[in-house]
Amino acid sequence: MGDAQKDLDQAARLPEGDVVAVLLEQHARIRELFGKVKQAGGEEKQKTFDELRALLAVHETAEEMILRPVAADTAGKAETDARNKEEAEANKVLSELEKMDVDSAEFARLLGEFESSVLEHAEHEEHEEFPAVRAGCSEDQLRKMGGRLRSAERMAPTHPHPTAAGSTSAQWLTGPFASMVDRTKDALSRS
């Protein structure tokens, strides 16, 4: 993931609602949030990390549910297996980070390592998976996938769930229930 502006520029050149455009916009936001978490402190840092955590959890779940089945056909099973494996590992690390004091040195160290792995993962998606999906689908299919991705995001969990990560079928089975629990927990923590 080069930089946030590059991702946004690339997304802007794609048709409105195209699944790859949606994902590129999210990659840009993820990159921005990593920077903001590193610069913030105290309550603002926790709030920003919570936003990053929720975006990553929702983003990865929706990718596994909507993009990966199509990418398995267009980019190949080895490619999708590699991306799912990376997402499963990222989910474990995100779960660890969620339990830490955001102002601790250990959090800063692990966040830096996590950022590197997330950005490397996004690079693979952007250079290997996304082009294959775009080449193998019509514009109409890509727009429909974008709509389905947005729908999946509305029911996706907002916290990491390492036991479901990396598996499309596990996401479909556990996602809605985990989402209901997560969103209730989020609402209670804000009150």
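Read-outs throughout are calculated quantities, based only on the coordinates presented, and are distinct from any laboratory measurement. Computed from a predicted model, the values in this text were never measured in an experiment. Here the Cβ is made from the backbone with ideal geometry for all residues, glycine too, and neighbour counts use every protein chain on show.
For a straight C-alpha distance cut-off of 15 angstrom, the aspartates and glutamates reachable from K36 (same-chain residues fewer than eight places away being disregarded) are D3, E44, D50, E51, D103, E115. Label-to-label distance, K99 versus Q5, with points set 7 angstrom from Cα along the beta-carbon direction: 4.1 nm.
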